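Enquirer: There's a structure below that I have some questions on.
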Amino acid sequence: MRNTFGKTTAMAAVLAATTGMAQAEDVEVLHWWTSGGEAAALSVLKQNLETEEIGWIDMPVAGGGGEAAMTTLRARVTSGDAPTAVQMLGFDIQDWAAEGVLGNLNDVAEAEGWDAVVPEALQAFSKYDGNWVAAPVNVHSSNWVWANKAVLDELGIEEPKTWEEFVAALQAAKDAGKTGLAHGGQPWQEATIFDGVVLSVGGPEFYRAALIDLDAEALGGEQMVEAFNRMGTLRSFVDDNFSGRDWNLASAMVINGDAAFQIMGDWAKGEFVNAGKVPGEDFLCFRVPGSDGAVSFLSDQFAMFAQGDDAAKEAQAKMASAIMSPEFQIAFNTVKGSVPSRTDVDASPFDSCAQKGMEQLAAASESGSLVGSMGHGHANRAAVKNAMYDVITAHFNGEFTAEEAADELVNAVEAAQ
Ligand code: GAL
């Protein structure tokens, strides 16, 4: 691992070369990290930048998954007032880069050797036309289940290993008067569950064929019907008030013991940790049963919008450098629930869920079982993603049978391309 001195020296050289030593200024950061756990992680970033003497102008746009944030961003850019740095996911980064509005982080990336430490799967999104346009702050994944351990113990339920065991456990919780599955009825949350369910039905091959390659036979075939059937089964274990609920309130139901399980990305762990809960003791984390070995990943990245003046560019380079430092990656990701976006970070400061996540990420990458999360913009561009959201949510709310939903998926995806 590079020492702080080496890094600082390299940065100083970059800044001197690229900016003529202009004064750093403020960064305005657009993001959707507004839940308790997310805000705690964000303050790690803010404090880190403060020590670099970079001021922080906060531009939060609430709404998990970032759809509302992306709408605000479009309006800001259209009116010629792009923020300095924007939290962004997957194909959105590529779309903005294609519009020619993102800045270039090549100097800092080269000085700090990002090419050698950032996994290729992330670089595919951080770079456009071979140039670094965004700094990846983490890796999350969506096919996780979070369980209240005391509730499971009380009901005599073991960690479910198969889909059938999972359904039996949900039923046992329901029979005992608990909510089986804590869920918030918002399209992106249903799409998050769908990532894990598709993997549980047909593994990474089916996931890739259907959700990434958009193969019509996979999108509309028997395995997809089974995926929708499983979504229907899950629907029968949510409570009556699920509609519109924010994801962190669903996490709170598991934290409080009102519900047994939540299927959610590992930002949910940030809520548990923020509530003082300990993995293995108070809660369990495991992959959606049946999806073990596969990981549907996403990476929060900060895309930098092109700036005219040198001081603003300097602030962006400093922010990117701060984000990529191994020390920051540990401080931030232990709070956020995610794992580092670089492969050379020491795993020992992380809790057992994160360590499991890091091992599984590396193993999935090795075995070809690492797939981009559809729910979070890492499988396809926004138009296709939104088309899928519509069908998944309509089915979840009883508008389609499983067979109809599979047919609709084929049509919607075709229309969106
Ligand atoms: C994801 C994002 C995470 C997370 C979540 C809920 O899209 O990547 O960092 O916080 O939304 O807001």
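Enquirer: Cross-link partners among aspartates and glutamates for LYS127, C-alpha distance below 18 Å, same-chain residues fewer than 8 apart left out?
Expert: ASP92, ASP95, GLU99, ASP107, GLU110, GLU112, ASP115, ASP300
Enquirer: I've got another one for you. Taking GluC sites (Glu not before Pro) as exposed when DSSP calls them loop (any state but H, G, I, E, B) and at most 11 other Cβ atoms lie within 10 Å, what is the longest stretch of the chain free of them, the sites themselves excluded? Display every interim value, and only then the final one.
Expert: Working: sites that count: GLU53, GLU99, GLU158, GLU281.
So the longest stretch without any such site is 282-417.
Enquirer: Further question: Mean residue ellipticity at 222 nm from the helices of the chain, using -39,500 (n - 2.57) per DSSP H segment of n ≥ 4 over the full residue count, to the nearest 500 deg cm²/dmol?
Expert: Taken over the chain, the calculation gives -16000 deg cm²/dmol.
Enquirer: Going by amide H atoms built from the backbone, whose H comes under 5 Å of the H on ASN131, apart from near neighbours?
Expert: Hits under the 5 Å cutoff: none.
Enquirer: From the phi of every residue in region 235-245, what ³J(HN,Hα) in whole Hz does the Karplus formula 6.51 cos²θ - 1.76 cosθ + 1.60 yield, where θ is phi - 60° and glycine or proline is x?
Expert: Those phi angles translate into 4, 6, 10, 8, 7, 5, 9, 5, 4, x, 5 Hz.
Enquirer: Round to the nearest 0.05 the FRET efficiency obtained for GLU403 and THR34 when R0 = 30 Å and r is the Cβ-Cβ distance. Show your work: numbers first, answer last.
Expert: Working: r = 39 Å, r/R0 = 1.29.
For R0 = 30 Å, the calculated efficiency reads 0.20.
Enquirer: Over the Cα atoms of region 37-82, what is the Rg over Rh ratio if Rh follows Kirkwood? Each step should come with its number before you reach the end.
Expert: Working: Rg = 12.9 Å, Rh = 12.2 Å.
For region 37-82, the value is 1.06.
Enquirer: Where Lys and Arg each count +1 and Asp and Glu each count -1, what net charge lies around LYS356 among other residues with Cβ under 13 Å from its Cβ?
Expert: Values: positive: LYS269, ARG287; negative: GLU159, ASP266, ASP292, ASP351, GLU359.
Residues close to LYS356 contribute a combined charge of -3.
Enquirer: Consider all pairwise Cα distances in the chain and report the whole-number % of them above 37 Å. Please report the intermediate quantities before stating the final value.
Expert: Values: 18319 of 86736 pairs.
Considering the chain, 21 percent of its Cα-Cα pairs are separated by more than 37 Å.
Enquirer: Got a sec? Charge dipole of the chain, +1 on Cβ for Lys and Arg, -1 for Asp and Glu; which of SER35, ALA412, THR393 is way out at the positive end?
Expert: Going by the Cα projections, it comes out as SER35.
Enquirer: Highest mean first, what order results for 195-201, 244-250 on Cβ atoms within 10 Å? Please list the in-between numbers first.
Expert: Numbers: 195-201: 27.0, 244-250: 18.9.
Highest mean packing first, the order is 195-201, 244-250.
Enquirer: If you take the charge dipole of the chain about its Cα centre, with +1 on Lys and Arg Cβ and -1 on Asp and Glu Cβ, which of ALA121, ALA322, THR72 is farthest toward its positive end?
Expert: Of ALA121, ALA322, THR72, it is ALA322.
Enquirer: Given Cβ point charges of +1 (Lys, Arg) and -1 (Asp, Glu) and nothing else, what value in debye, to the nearest 20, does the dipole of region 124-196 about its Cα centre take? Could the numbers behind the result be given before it?
Expert: Values: 5 positive and 10 negative charges, 48 e Å.
Using Cβ point charges on Lys, Arg, Asp and Glu, region 124-196 gives about 240 debye.
Enquirer: What shape does region 305-417 have by the C-alpha gyration tensor, where a ≥ b ≥ c are the square roots of the eigenvalues, rounded means a/c under 1.5, and otherwise prolate means a/b greater than b/c and oblate the rest? Display every interim value, and only then the final one.
Expert: On the way: a/c = 2.92, a/b = 1.56, b/c = 1.87.
Oblate is the answer for region 305-417, as a/c is 1.5 or above yet b/c matches or exceeds a/b.
Enquirer: Under a Cβ-only charge scheme (Lys and Arg +1, Asp and Glu -1), can you give me the dipole magnitude of region 132-274 about the Cα centre, in debye to the nearest 20?
Expert: Details: 9 positive and 21 negative charges, 62 e Å.
I would put it at about 300 debye.
Enquirer: So if each residue of separation counts as 0.36 nm, and I subtract the Cα-Cα distance between SER352 and GLU50, what length gain in nm does that give? Write down the numbers at each step before the final one.
Expert: Details: separation 302, 0.36 × 302 = 108.72 nm, distance 3.04 nm.
Stretched out fully, the SER352 to GLU50 stretch lengthens by 105.7 nm.
Enquirer: Which residue, HIS378, SER365, PRO136, has the largest displacement toward the positive end of the dipole of the chain when charges sit on each Cβ (Lys, Arg +1; Asp, Glu -1)?
Expert: PRO136
Enquirer: To continue, here is another question. Charges only on Cβ, +1 for Lys and Arg, -1 for Asp and Glu: so what's the dipole of region 246-296 about the Cα centre, in debye to the nearest 20?
Expert: 100
A short reminder: the numbers here are calculations on the coordinates, not readings from a lab. None of the values given here were measured: they were computed from a predicted structure. Backbone-built Cβ (ideal geometry, glycine too); neighbour counts: all protein chains shown.
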